Amino acid sequence: MANEHTKIINKIAKEKFTPFGIVQKGRSRTWIDDNGWFTTIIEFQPSSYSRGSYLNVAVNFNWHEEDWESFDLSYHSDGSREGVYLNKYNPLNLFKRDIGWVDYEPENEEYFIKIIELYCDVAIKRVKYFRKKLATLRKARRLILRTEFCSEELWGSYHKGTICGLTGCRYRQKKYYKRLLNEVRDAKLDFEIEARECVERLIQYDLDTFKKEIEKIILETRKLKKLPELEITL
């Protein structure tokens with residue numbers, strides 16, 4: 001069957017992830033660890049060319065209004081990473097070979113199952129890592145400020161300015177937000193204009209008002225992403 005490999009992936013994922021409260025997004029190959037102001041996304045990424053899977057694990061901050069999951073801090077099974085060095089644990093070397101993509105071959109199904117089980121174990125370690133490093137806003141600030149984001153001047157500035165504002169660092173908040181405004185000063189693209197308008201508004205608030213506004217953004221973003229309703233108190 002054409003989707004047999006997807007059934008195998010989701011069956012193993014359900015068995016592995018359910019004890020950790022990680023839930024499937026609809027009937028897709030994406031699973032979510034919901035932490036309110038951020039979610040960790042686990043994606044068994046397919047390919048247009050063959051049956052099988054990559055593994056992507058990423059944190060998506062919910063403090064920017066959008067209806068999709070962006071990979072703000074991410075880790076990929078091919079060994080690349082966006083932003084953050086996760087740790088020295090390298091579980092993607094199985095049978096003395098690196099695993100970035102695993103093909104599904106019916107005659108070699110046992111091997112496919114072993115790799116998917118490994119992917120799930122990797123994902124659980126990533127989830128635990130992010131839960132620990134983002135457990136409080138102050139801990140999150142340490143991680144976010146030492147991260148070099150793929151779009152550092154734009155989204156890096158937004159994330160760093162936001163976490164600084166949420167933890168009472170007014171000077172740093174303004175520094176990063178002004179860096180973003182300088183980056184998009186002559187913006188032409190819609191997402192750049194939206195980011196500029198958002199930050200121009202946020203930078204004017206005192207810290208208490210700022211925090212309440214970010215809570216509103218998180219609630220609206222969660223609604224757009226069809227995440228469960230939660231009380232958000234930062």
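The values are calculated or read from the model by the stated rules, or taken from the named source; none is laboratory data. The structure displayed is predicted, hence computed values, not measured ones. Here the Cβ is made from the backbone with ideal geometry for all residues, glycine too, and neighbour counts use every protein chain on show. What goes into the accessible areas is simple: the full protein's heavy atoms, side chains included, and nothing from ligands, DNA or RNA. Shrake-Rupley method; radii C 1.70, N 1.55, O 1.52, S 1.80 Å.
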> Under a 5 Å amide H to amide H cut-off, with H placed in plane at 1.01 Å, what residues pair with Gly52 once short-range neighbours are removed?
Replying inline: Ser47, Tyr104
> If you rank Ile218, Ile232 by how much accessible surface each has, with a 1.4 Å probe, what is the order from largest down?
Replying inline: Ile232, Ile218
> Relative to the first principal axis of the alpha-carbon coordinates of the chain, what is the inclination of helix 190-202, with its axis defined by its Cα atoms, in degrees from 0 to 90 and to the nearest 10?
Replying inline: 50 degrees
>> Please list, by residue number, every one of the trypsin sites (Lys or Arg not before Pro) in region 126-234 that is coil in DSSP and has at most 14 other beta-carbon atoms within 10 Å.
In response: Arg146, Arg185, Lys188, Lys226
> In the chain, with Lys and Arg counted as +1 and Asp and Glu as -1 at Cβ, which of these residues, Leu154, Phe112, Ile12, has the Cα nearest the positive end of the dipole, that is, farthest along it?
Replying inline: Leu154
>> Explain nothing, just the number: dipole magnitude of the chain about its Cα centre with +1 on each Lys and Arg Cβ and -1 on each Asp and Glu Cβ, in debye rounded to the nearest 20.
In response: 1140 debye
> In degrees from 0 to 90, rounded to the nearest 10, what is the angle of the helix 170-183 Cα long axis to the longest principal axis of the chain?
Replying inline: 80 degrees
>> Just to confirm the number: angle between the C-alpha axis of helix 109-133 and the first principal axis of the chain, 0 to 90 degrees, nearest 10?
In response: 20 degrees
>> Using a probe radius of 1.4 Å on heavy atoms only, what accessible surface per residue do you get for the chain? Whole Å² is fine.
In response: 54 Å²
>> Only sites in a loop by DSSP and with at most 12 other Cβ atoms within 10 Å count here; which trypsin sites (Lys or Arg not before Pro) in region 15-70 make the cut?
In response: Arg27
